[in-house]
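For reference, the structure discussed in these notes is given below.
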Amino acid sequence: MQSIFRSIYRIPDIKVGFTLYNQEEDQFTASEPFSQYMTSFIVQGQSHKEAHTLLCSSSYNCLVKKKEYFAISDVSEFVASDPENMLGNYFQQQGIKSFILSPVVKNGQLLGVLELLSLRTKELNSINANKLEVVMPFLTDTMERLLVELQNEVQAVIQEKYTAIHSSV
């Protein structure tokens, strides 16, 4: 996945991540089937975090409410304007200088967030975020397929382990 985005953006050391969004609990989750393919940078090494506490109001509004990308070309300016911002501070501590967070949406439902991170200021911005429009349909289909596979695995485990408990099941 990183090689695809490195060629699209022509940034040799771009970091790419993905985080699932749980709509019922309003949480970002680093889920097992996805974490083997892509790291989740926004949950900051934890298994899950509440979306409204992790994101500032403008990024929450863009990603979760409007389902639009959120791009910051200079993380240090972003943190200076909102010193309490958890995500901005975490990215700044990790040496991230610019980033794009793009919602992965299928049938109007937010499945997760694609994360593009750069170690250089102004390398990722709202202008070059438009390049994602070409890739997002393929990424959305892939993420939906992985979610369906996960649901099928859960159903198989339930059927295998728990249907023999009671004859009516």
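The values are calculated or read from the model by the stated rules, or taken from the named source; none is laboratory data. The shown structure was predicted, so the numbers you read here are calculated from the model rather than taken from an experiment. Positions of Cβ are generated from backbone atoms using ideal geometry, with glycine treated the same way; all protein chains shown enter the neighbour counts. Only protein heavy atoms, including side chains, enter the accessible area calculation; ligands, DNA and RNA are left aside. Shrake-Rupley method; radii C 1.70, N 1.55, O 1.52, S 1.80 Å.
Results, tabulated for the structure shown:
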read-out: Residues of segment 42-98 classified as under 22 Å from Asn128 (Cβ atoms) and basic (Lys, Arg), total; value: 3
read-out: Failed item in (1) among the hydrophobic types (A, V, I, L, M, F, W, C); (2) more than 17 Å from the chain's Cα centre (by Cα); (3) outside any helix (DSSP H, G or I), with Val154 passing the rest; value: (3)
read-out: Condition met for Phe138 (in contact with a helix residue (DSSP H, G or I) (Cβ under 8 Å, 6 or more places away or on another chain), within 23 Å of Leu20 (Cα to Cα) and of a type in the set (Phe, Trp, Tyr)); value: no
read-out: Qualifying residue in segment 142-151 (condition: farther than 27 Å from Thr53 by Cα, open to solvent by less than 80 Å² (accessible area, probe 1.4 Å), without any contact (Cβ under 8 Å) to a residue 24 or more places away in the chain and of a type outside the set (Phe, Trp, Tyr)); value: yes
read-out: Sole exception among (1) crowded, with 20+ Cβ neighbours inside 10 Å; (2) farther than 20 Å from Leu119 by Cβ; (3) of a type outside the set (Gly, Ala, Ser) for Phe18, by number; value: (2)
read-out: Failed criterion for Asn125 (all others in (1) modelled with pLDDT under 90; (2) closer than 15 Å to Ser59 by Cα; (3) touching a strand residue (DSSP E or B) at 6+ places or on another chain (Cβ under 7 Å) hold); value: (1)
read-out: Members of segment 100-132 that are of a type in the set (Val, Ile, Thr) and open to solvent by 10 Å² or more (accessible area, probe 1.4 Å); value: Val105, Thr121, Ile127
read-out: Qualifying residue in segment 28-42 (condition: modelled with pLDDT under 85, open to solvent by less than 30 Å² (accessible area, probe 1.4 Å) and among the aliphatic types (A, V, I, L, M)); value: yes
